[in-house]
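Notes for the one structure printed next.
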Amino acid sequence: MTDLLLRGGRVIDPASHLDATADVLVSRGRVVSIETAPLPPSAIGDARVLEAEGCLVVPGLIDGHVHLREPGNERAETIATGTAAAVAGGFTTVCCMPNTTPALDTAALVHFIRLRAQETGRCRVFPIAAATEARAGERLSPMHAMAAAGAVGFSDDGSVVAEAALMRRVLATCASIGLPFLQHCQELTLTEGASMHEGEVSARLGLIGWPREAEELIVERDLRLNRAIGARYHAQHLSAAGSVEALREARRRGEPVTGEVSPHHLLLTDAACAGYDTHAKMNPPLREESDRRALIEAVAEGVVTILGTDHAPHTAESKEVDFAAASFGVVGLEGAVPLYAEALVESGAIDWPRLVAMMTLEPARLHGIDRLGLGRLAEGGPADITVIDPQRRWVIDPQRFETLGRNSPFAGRTVIGKPVLTIVDGEIRFDELACRNAPVAPSAT
């Protein structure tokens with residue numbers, strides 16, 4: 001393993017409030033030193049020197065919400081291809097959802113994911129286990145055993161735990177284990193046959209609409225159920241203004257609840273569906289401008305603290321059908337950084353240090369992997385590092401993605417900001433640092 005010196009970058013570590021030009025020396029998988037003064041040659045030794053001037057040097061990015069599809073749907077994605085996409089997007093750690101076939105509802109399957117990631121993965125992978133057997137919402141899964149096997153949270157993602165009595169048991173079990181529950185917030189009786197947000201656009205297209213209340217009611221119910229239990233509750237991929245208002249009130253009461261938002265809900269509205277573009281079909285659906293603005297405001301206020309891509313690759317044939325029949329979901333790993341920067345930094349909602357915290361320290365704390373030193377950049381800690389060129393202009397081209405999925409509503413979009421170096425456990429897993437001053441790619445529009 002080659003020693004590395006990242007020289008002259010803007011080093012941001014939200015955990016220690018470090019934001020300064022510094023050199024970062026890496027050896028044997030650990031961060032040896034972070035120095036604001038230039039290191040002498042004797043300290044550098046034989047380290048490979050990587051010039052990071054003009055770039056952000058940050059803790060390895062963490063995405064707590066990805067779908068790797070393995071086992072069972074390897075035509076859409078595998079752990080190998082999904083983690084290759086992750087490092088290309090600057091992520092050194094991902095947490096994979098349990099809506100596989102079979103669902104991740106046993107300790108043996110959690111163990112399988114961990115072993116498979118060690119064999120074929122390009123970054124760290126932590127499994128999120130199913131809270132109910134087969135994600136069917138009828139009986140609890142063996143949650144204690146799966147936690148012992150390495151699960152870092154529980155969710156029936158892709159499905160909601162619909163029954164209130166069972167939801168109470170899930171929350172109580174999560175509280176006893178000390179791991180979070182991540183809810184897919186969807187009141188099923190309000191979304192039967194729905195394929196997009198209920199509003200003027202759905203009416204004009206003749207499509208069954210999906211009302212905001214379908215999300216808001218589950219968030220409000222769960223927060224009420226959890227008030228006396230105190231489990232760590234996390235609302236996934238928020239899309240509606242009423243949901244963030246409920247979360248805001250719960251956090252004001254001091255309850256241990258968090259929420260996440262995804263790039264597509266921060267930048268797009270249901271207008272993207274106007275041409276029956278199935279790449280804009282997702283769950284929860286794109287909503288209206290008032291909802292989009294409410295999500296950004298919630299991030300700016302610190303109500304929403306975590307960014308998660310909800311990376312959901314699909315085969316081409318599952319998207320190349322009529323809108324109502326198409327699969328829900330979009331890929332997100334490889335374009336996340338510039339899209340988040342556009343929505344949140346360029347808009348003035350937050351600054352780069354806060355954006356970095358929402359993609360590193362905050363998800364690490366949620367899943368308890370901060371105890372491993374992940375989510376921060378510190379001397380003696382693991383050398384999981386992402387280097388971002390905040391001025392790199394490029395065009396999103398899904399045909400060049402590492403993921404098997406091509407289902408992105410952002411194809412052809414010119415963006416600014418790009419991860420150019422991804423280091424996992426001291427090893428370079430993605431490297432475009434030398435190309436950061438490459439000419440601008442021509443726009444497809």
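Overview of results
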{"quantity": "Only one of Glu192, Glu119 that is modelled with pLDDT of 95 or more, assigned to a loop (DSSP other than H, G, I, E, B) and either on the phi < 0 side of the Ramachandran plot or hydrophobic (A, V, I, L, M, F, W, C) (or both)", "calculated": "Glu192"}
{"quantity": "Residue within the stretch 15-30 that is of a type in the set (Gly, Ala, Ser), in a strand (DSSP E or B) and under 18 Å from Leu374 (Cα atoms) present", "calculated": "yes"}
{"quantity": "Residue count, the stretch 143-201 (criterion: of a type outside the set (A, V, I, L, M, F, W, C) and farther than 22 Å from Ser239 by Cβ)", "calculated": "8"}
{"quantity": "Single residue of Ala86, Ala76 found to be of a type outside the set (S, T, N, Q), at pLDDT 95 or above and over 24 Å from Ala131 (Cβ atoms)", "calculated": "Ala86"}
{"quantity": "The stretch 105-139: number of residues that are hydrophobic (A, V, I, L, M, F, W, C) and either outside the structural domain of Thr83 (by TED's automatic domain parsing) or in contact with a helix residue (DSSP H, G or I) (Cβ under 6 Å, 6 or more places away or on another chain) (or both)", "calculated": "7"}
{"quantity": "Scan of the stretch 105-156 for residues that are farther than 16 Å from Ala172 by Cβ and in contact with a His (Cβ under 6 Å, 6 or more places away or on another chain), ordered by number", "calculated": "Ala149, Val152"}
{"quantity": "Residue list for the stretch 51-94, filter: acidic (Asp, Glu) and surrounded by 24 or more Cβ atoms within 10 Å (Cβ to Cβ)", "calculated": "Asp63, Glu77"}
{"quantity": "Residue list for the stretch 96-123, restricted to those being touching a strand residue (DSSP E or B) at 6+ places or on another chain (Cβ under 7 Å) and among the aliphatic types (A, V, I, L, M)", "calculated": "Met97, Leu104, Val110, Ile113, Ala117"}
{"quantity": "Test set (1) within 11 Å of Thr93 (Cβ to Cβ); (2) in the same structural domain as Ile34 (by TED's automatic domain parsing) - Pro363 fails condition number", "calculated": "(2)"}
{"quantity": "Sole residue being part of a helix (DSSP H, G or I), touching a residue at least 40 places away in the same chain (Cβ under 8 Å), in contact with a Leu (Cβ under 8 Å, 6 or more places away or on another chain) and in the same structural domain as Leu190 (by TED's automatic domain parsing), chosen from Ala294, Ala246, Ala250, Ala298", "calculated": "Ala298"}
{"quantity": "First in the stretch 49-77 and closer than 17 Å to Asp105 by Cα, second anywhere and among the basic types (Lys, Arg), Cβ under 7 Å, 6 or more apart", "calculated": "Glu70/Arg116"}
{"quantity": "In the stretch 103-152, the residues that are in contact with a Leu (Cβ under 7 Å, 6 or more places away or on another chain) and farther than 17 Å from Phe181 by Cβ", "calculated": "Ile113"}
{"quantity": "Qualifying residue in the stretch 44-59 (condition: among the hydrophobic types (A, V, I, L, M, F, W, C), assigned by TED's automatic domain parsing to the domain that holds Pro419, touching a strand residue (DSSP E or B) at 6+ places or on another chain (Cβ under 8 Å) and in a helix (DSSP H, G or I))", "calculated": "yes"}
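Residue by residue, here is whether (1) polar (S, T, N, Q); (2) in contact with a strand residue (DSSP E or B) (Cβ under 8 Å, 6 or more places away or on another chain) holds:
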| residue | (1), (2) |
| --- | --- |
| Thr36 | yes, yes |
| Ala76 | no, no |
| Thr83 | yes, yes |
| Val94 | no, yes |
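This table checks each residue for (1) closer than 16 Å to Leu104 by Cα; (2) assigned to a loop (DSSP other than H, G, I, E, B); (3) of a type in the set (D, E, K, R); (4) in contact with a Lys or Arg (Cβ under 9 Å, 6 or more places away or on another chain).
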residue	(1), (2), (3), (4)
Ala145	yes, no, no, no
Arg168	no, no, yes, no
Cys174	no, no, no, yes
Leu182	yes, no, no, no
Arg204	no, no, yes, no
Glu216	no, no, yes, no
Arg224	no, no, yes, no
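Here's the yes/no breakdown for (1) in contact with a helix residue (DSSP H, G or I) (Cβ under 7 Å, 6 or more places away or on another chain); (2) assigned by TED's automatic domain parsing to the domain that holds His144; (3) surrounded by fewer than 18 Cβ atoms within 10 Å (Cβ to Cβ):
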position: Ala172; (1), (2), (3): no, yes, yes
position: Gly193; (1), (2), (3): no, yes, yes
position: Ile218; (1), (2), (3): no, yes, no
position: Leu225; (1), (2), (3): yes, yes, no
position: Ala235; (1), (2), (3): yes, yes, no
position: Ser239; (1), (2), (3): yes, yes, no
position: Ser262; (1), (2), (3): no, yes, no
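The values are calculated or read from the model by the stated rules, or taken from the named source; none is laboratory data. The structure presented is a predicted model; accordingly, all values stated were derived computationally and were not measured. Neighbour counts are summed over all protein chains in view; Cβ atoms, including those assigned to glycine, are modelled from backbone coordinates with ideal geometry.
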